[in-house]
Structure formats: structure tokens, C-alpha cells
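A.B. asks: Here it is: the structure, laid out below.
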Amino acid sequence: DRDHVIAYLVYRDIDEKKKEQMKLEKEATLDILTGALKRMTAKERIDRIIQMPIADENCHVFLMLDMDNFKMVNDTYGHQAGDKFLKKSVAIFRETLGTQAIIGRMGGDEFAVYIPYEYEEETVIREEVARRLDALLAAFHKQFDTQYESCKVSLSAGICLIIAGDGIKLGFEGAYQMADRALYVSKENGKHQYNWYED
């Protein structure tokens, strides 16, 4: 009986250590507030995928998402409301962009998203991305328009489409810069919209 009890206690101790290790690993990679990946983790994972060789007819899709007038939510309703806003926003991202999307919080209210596409032509991908972003902007507006009406919150996005081997040359930083330029256009043109990066 004693041997059995000792074995049980050892097993339990190991199990607790594994749980604690998993918790620490989760905290190291995930943004605690939103559940999105932390900046460095997202950068490393997306960079690794983008630089992998893919077939000539395939594309990478990289997005930059930014909340319009988010500061007003914090200033008007308080930081707790702002935290809830960010958390719900990431949930909407997941619902509309798909479970395979890699979502990273770059800082504040700015997020980077990588969406994997396989064996589809560029025109098909463009149509699919546009459909998803139309749905995302609509869902975002529906969720927050009346809740934070005085702040006029919305979502702006920039899209970078990387053709086949270009991802090896660009990596995360190159894709980030291109999508960020497209995001800037969205902001300058009135917000609550998305734009594609064009040379």
C-alpha cells in the first residue's frame, strides 16, 4: 500500500510540473489580454512560413489590422472597456479570418495576420481575401457601432499579397512594411476600409 501511495504522489508531482511548464510556455508566447501571439512569437512563426519555398501558383497573404479611434474608447469609457474591446476584436478576427490564421499583436491596437492558402490562383485568393475582409469590417461595425457610438470606432486594414518565391526575399519585415503602407492608405482615405499594397 505504501509503495502505491508513493507512486501516486510522484505521478501527481510530475503532472503538476508539466502543467506549470505549459502555463509558462503559454505566457511566453501569447498576449495575456487578447490571446493573440506576442509580437516576437508572431514575427518568428510568420517569417519561418513566408520564407519556405512554395509552388509558383501559390501566394502568401499578410494583413495589418488597426482599430480606428481606439484611444477615444480608453479616454471615454476607461481602460477596462478598452481591454474588453481589444479582446473581443481578436475573437472577431478569428471568427471571420478562419482558425488557421496566425494573429499577432504588434502593440497597442495593431495586429499582424498571416492567412495560409494552398493550391489556389492569385485571382481566386484576392476574391476570397476581399470576401473575408468585407465580412470582418461588417462584423466589427455591427459589434461596436452602437456600443461605442460616440467614439465612431471602426477597423482599417492593409493587405500584402506575396507571390511564390518573393516571400523568401521579403521575409516578415518586408511583408510588414508593404502591408503597413497599404494600411496607411486606408487610414488616409477615411478609415473603415482595406487596401492592397501596389508597387
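A.B. asks: Over all distinct Cα pairs, what is the inverse of the mean 1/r for the range 30-162, reported as the Kirkwood hydrodynamic radius in Å?
C.D. replies: Numbers: mean 1/r = 0.0646 Å⁻¹.
After inverting the pairwise mean of 1/r, the radius is 15.5 Å.
A.B. asks: While we're here: Over 26 Å between Cα atoms, which of 84/187; 43/142; 43/87 qualify? The partial results should precede the final answer.
C.D. replies: Numbers: 84/187 23 Å; 43/142 30 Å; 43/87 20 Å.
Those over the limit are 43/142.
A.B. asks: Per q in 0.18, 0.23 Å⁻¹, report the Debye log10 I(q)/I(0) for the range 71-142, using one uniform scatterer on each alpha carbon and no solvent.
C.D. replies: One equal scatterer on each Cα of the range 71-142 leads to -0.78, -1.10.
A.B. asks: Now for a different question. Keeping all protein chains in place and using 1.4 angstrom, which order do 43, 87 fall into by accessible surface area, from largest down? All intermediate terms of the calculation are to be shown ahead of the outcome.
C.D. replies: Details: 43 65, 87 120 Å².
Of 43, 87, the descending order of accessible area is 87, 43.
A.B. asks: While we're on this one: Please state, rounded to one decimal and in Å, the Kirkwood hydrodynamic radius that the range 115-164 gives when every pair of distinct Cα atoms enters the mean of 1/r. Spell out each step's value before the answer.
C.D. replies: Details: mean 1/r = 0.0787 Å⁻¹.
So the Kirkwood estimate lands at 12.7 Å.
A.B. asks: List the residues whose amide H sits under 5 Å from the amide H of residue 68, counting only those 5 or more places along or on another chain, with H placed 1.01 Å from N in the peptide plane.
C.D. replies: 154, 155, 156
A.B. asks: Here's something else I'd like to know. Taking the Cβ of residue 64 as the centre, find all other residues whose Cβ is under 11 Å away and add up their charges (Lys, Arg: +1; Asp, Glu: -1).
C.D. replies: Net of charged neighbours comes to -1.
A.B. asks: Label-point separation (nm) for residue 83 and residue 152, each offset 7 Å from Cα along Cα-to-Cβ?
C.D. replies: According to this spin-label approximation, the distance is 2.9 nm.
A.B. asks: Here's a follow-up. Less than 15 Å Cβ to Cβ from residue 147, Lys/Arg counted +1 and Asp/Glu -1: what total charge do the surrounding residues give?
C.D. replies: Working: positive: 84, 87, 88, 142, 152; negative: 68, 83, 145, 149.
Counting the neighbours of residue 147, the net charge comes to +1.
The values are calculated or read from the model by the stated rules, or taken from the named source; none is laboratory data. For clarity, every value in this text was computed on a predicted model and none was experimentally measured. Virtual Cβ from ideal backbone geometry, glycine too; neighbours counted across all protein chains shown. The accessibility values were calculated without ligands, DNA or RNA, using every heavy atom of the protein model including side chains. Shrake-Rupley method; radii C 1.70, N 1.55, O 1.52, S 1.80 Å.
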